[in-house]
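Written below as structure tokens is the structure these notes are about.
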Amino acid sequence: MSMIELYEKGYYLKGGVPVPADGPDPAAREKTMAYSVLRAHDRSGGKGKMRISFDAMVSHDITYVGIIQTARASGMKEFPIPYALTNCHNSLCAVGGTINEDDHAFGLSAAMKYGGIFVPANQAVIHQYAREMLAGCGKMILGSDSHPRYGCYGCMGVGEGGGELAKQLLRNTWDIDAPEVVLVWVEGEVPHGIGPHDVAIALVGATFPGGFVKNRVMEFAGPGIEKLSTDFRIGVDVMTTETSCLSSIWTTDEKVRHYYENIGRPEDFRFLAPEDGAYYDSMVKIDLSEMESMMALPFHPSKAYTVHEVQKDPERIFAGIEEACNRELGGRVKLDLRRSIGADGAVHCEQGVIVGCSGGMYENITEAAAILEGKSIGNGFFDMSVYPASTPVNLAIMRDGTAASLTEAGALVKPAFCGPCFGAGDTPANNTLSIRHATRNFANREGSKPANGQIAAVALMDARSIAATAANGGVLTAATDIDYDIPEKEYVFDGSVYEKRCYNGFGHPRPDVPLRLGPNITDWPKMPKMEKDLLVRLCAVIQDDVTTTDELIPSGETSSYRSNPIALSEFALSRRVPEYVGRSKAVRDMTGDVPESLEAALRAFGRENAEDLSVGSCVFARKPGDGSAREQAASCQRVLGGAANVCFEYATKRYRSNCINWGIVPFTADASAALDFTDGAWIYVPGARESILAGREEFDAFVFDGAEVKKLKLFCRGLGDSEKLILTEGCLMNYYAAGYGA
């Protein structure tokens, strides 16, 4: 049997084993753990879309200012549920001046004013704080980040853009079609040297390319789970985001009970298991005993290879990866992985990083330290950094000697921080190979600036193989190939530092506390309502197979402007289509005398003037929105005058939701019939407003490329009633200002 097997047909779980189903059985889907949790939070009464209210929310310092600004502009008076504001993304990467600390001061003042939780810089990464302080069996947590995954603790986590969090703050709901559920059946026991990232990379590699679990809930069960520690489980669980699933949930057991006892919240534990006869729409089978040391090569976590494969034939594998990556980069910079192959034929890495919500767990760090015990990473080009996921984890590794062992080997132990995952810390040298136990390795993250000829080559690996490589002077090494003793250590949680440093004002808002507004914190500009007809100009045409949110709005140092919508919008698509900002502004500013290009378009579409017409910019990409949940990927387009997106398929629900919440119509087009779009072409959608409000899902549109007019069929399927109004009112804030959603 291979490591991962996919079964497309439906399955029942009967008598504790998967049994093939003859056909779909939505009624028996209600017996899954996923539906048990979802229905407990569903305000729809079982009719139509699920309308979910969450138990808690989390945001970090790239997103919380915009969310709070949106919510307070829409009438929010206090936080109705526990809402934690963590400071783990921009604690080290300001472009200068007071930007970061101004935002942190805003966050603390908002927590005081509205009754929130404030986690100061470097105390914890967003998801570790949620795991240790907010998660609970049967609960649901919403986060303005892409990796809220707490399923192995019996808690369903969802990542969305800021608009969806603003809705919860205003006591409204997260509305979704009832999702399909995929059984992830876990068998076997992991071999020595295998860690959670090995399983996770294999899982992403098997499921992401074909969209096998896209927008579905992954439900983990099977005899293999009981053999895994909770640290191992969460290391797999957090990476389910990279499969493009909607959320995750796992069976719980005595190990999970012990986890809640250790963190001082035993009351948040309960046993979760599917009911007998639960139906699943498909199944993924994982055989842990077949697992090998894995690595995900640039530029996606799904580009999965075993370390042994890469060791055996790096020339061929790297050549294939280079070809695909350089095609994606469009000639702006050349990736050269083969420069990492030494004269000895071995692959030489120059950096190792263990970090964040996937890597910075206690067991990953202690096992890496055991591998490096008494050894040295050397004084050559290879260097290594370790970031514990929270101060309690950091306290534990200091107290048990793990931190000292790592330091003695030459590794640097740093505070809790997410930065290396998106290019705000430990950026590798140009075109050198960095191996990381982190969540992502996209082309426009980790410090890459393709437009400036700079490229970071990041491969994802488990902490154990990173440590084995470090102990071998940077020569790529699988942890399964070395002898070491797994330390008999257990994470002892000490939350006293949270009590001393974190502000917890939930349930006790202080309306008299003024918000601390730094000079870079600005209100959202006014967004126009949609008129009768829609006319948009294509200001960026991207033909890549997938376009990530990091290409739509770059991460890293640009995010220092996150609280200034106008300043941040200047970076939109800057690393993919640098001309986009100027083009979009030109369309947005078409006032007064009608420009010649617009006048020509109006004549081509048989219009005499621009009355009752919304004019804006548009982005075409084949499959946009993979990756981060940051709403800025959509809001920056809107600030620049964006009115619509056209694609063949949205990579994630969260990016499509971001577009809707910012008044950008999320059109799709049939890939087999779509026109060969060109920059500067105009797309005219007559009757767009009425059609959206009436719930029509097909639109007769027309394209003018300066030479002729062509017909085009556009689609906008599955809009909820509130989403229709949000689009036609112009954005979520306008929707609330108009009196809806109260």
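Restricted to the stretch 392-437, and to residues there that are charged (D, E, K, R) and within 25 Å of the chain's Cα centre (by Cα), the residue that is surrounded by the most Cβ atoms within 10 Å (Cβ to Cβ) is Arg436. Sub-8 Å Cβ pairs linking a first residue in the stretch 326-339 that is farther than 16 Å from Arg316 by Cβ and touching a residue at least 24 places away in the same chain (Cβ under 8 Å) to a second residue that is aromatic (Phe, Trp, Tyr) and part of a loop (DSSP other than H, G, I, E, B), at least 6 apart or interchain, are Glu328/Phe299, ordered by first then second residue.
Within the stretch 135-175, the set of residues being hydrophobic (A, V, I, L, M, F, W, C) and touching a strand residue (DSSP E or B) at 6+ places or on another chain (Cβ under 8 Å) comprises Ala135, Cys137, Met140, Ile141, Leu142, Cys152, Cys155, Met156, Val158, Leu165, Leu169, Trp174.
Kindly indicate whether any position in the stretch 358-375 is assigned by TED's automatic domain parsing to the domain that holds Ala409, touching a Cys at 6+ places or on another chain (Cβ under 8 Å) and not in a loop (DSSP other than H, G, I, E, B). No. Could you tell me whether Lys47 is touching a residue at least 12 places away in the same chain (Cβ under 8 Å) and farther than 30 Å from Pro388 by Cα? Answer is no for this residue. Of the strands (runs of 3 or more DSSP E) lying entirely inside the stretch 1-78, those carrying at least 1 residues that are under 22 Å from the mean Cα position of the chain (by Cα) are 50-52, 56-59.
Taken over the stretch 598-625, the residue count meeting the criterion of being surrounded by 24 or more Cβ atoms within 10 Å (Cβ to Cβ) and closer than 30 Å to Arg149 by Cβ is 4. Of the residues in the stretch 685-699, none is among the polar types (S, T, N, Q), in contact with a strand residue (DSSP E or B) (Cβ under 7 Å, 6 or more places away or on another chain) and at pLDDT below 90. Selection over the stretch 330-356 of residues that are at negative phi, in contact with a Ser or Thr (Cβ under 9 Å, 6 or more places away or on another chain) and not in a loop (DSSP other than H, G, I, E, B) gives a count of 8. Counting residues in the stretch 527-547 that are polar (S, T, N, Q), under 25 Å from Asn661 (Cβ atoms) and touching a Lys or Arg at 6+ places or on another chain (Cβ under 8 Å) gives one or more.
Looking across the stretch 704-719, the residues that are surrounded by 17 or more Cβ atoms within 10 Å (Cβ to Cβ) and not acidic (Asp, Glu) come down to Phe704, Leu712, Leu714, Cys716, Leu719.
From the list Arg440, Arg436, the lone residue that is in contact with a strand residue (DSSP E or B) (Cβ under 9 Å, 6 or more places away or on another chain), over 29 Å from Asp344 (Cα atoms), of a type in the set (Lys, Arg) and outside any helix (DSSP H, G or I) is Arg440.
Table: residues versus (1) more than 28 Å from Tyr260 (Cβ to Cβ); (2) surrounded by fewer than 17 Cβ atoms within 10 Å (Cβ to Cβ); (3) among the polar types (S, T, N, Q); (4) not assigned by TED's automatic domain parsing to the domain that holds Gly730.
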| position | (1), (2), (3), (4) |
| --- | --- |
| Lys489 | no, no, no, yes |
| Cys502 | no, no, no, yes |
| His508 | no, yes, no, yes |
| Gly518 | yes, no, no, yes |
| Trp524 | yes, no, no, yes |
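Whether a residue is under 26 Å from Thr240 (Cβ atoms), touching a strand residue (DSSP E or B) at 6+ places or on another chain (Cβ under 6 Å) and not assigned by TED's automatic domain parsing to the domain that holds Arg445 was assessed, and Ser302 does not pass this test. Scanning the stretch 228-237 turns up one or more residues that are among the small types (Gly, Ala, Ser), modelled with pLDDT of 95 or more, more than 14 Å from Ala34 (Cα to Cα) and surrounded by 22 or more Cβ atoms within 10 Å (Cβ to Cβ). Residues that are of a type in the set (Phe, Trp, Tyr) and under 19 Å from the mean Cα position of the chain (by Cα) were ranked within the stretch 164-222; the one that is surrounded by the fewest Cβ atoms within 10 Å (Cβ to Cβ) is Phe212. Taking the stretch 452-567 and the helices (runs of 4 or more DSSP H) fully enclosed by it, the elements with 2 or more residues that are at pLDDT 90 or above are at 463-471, 496-501. The set of residues in the stretch 409-433 that are assigned to a helix (DSSP H, G or I) and either out of contact with any Lys or Arg (no Cβ under 9 Å at 6 or more places or on another chain) or assigned by TED's automatic domain parsing to the domain that holds Ala572 (or both) contains only Gly419.
The values are calculated or read from the model by the stated rules, or taken from the named source; none is laboratory data. Computed from a prediction, not measured in an experiment: that's the story for all the values here. Cβ atoms come from the backbone with ideal geometry, glycine included; neighbour counts cover every protein chain shown.
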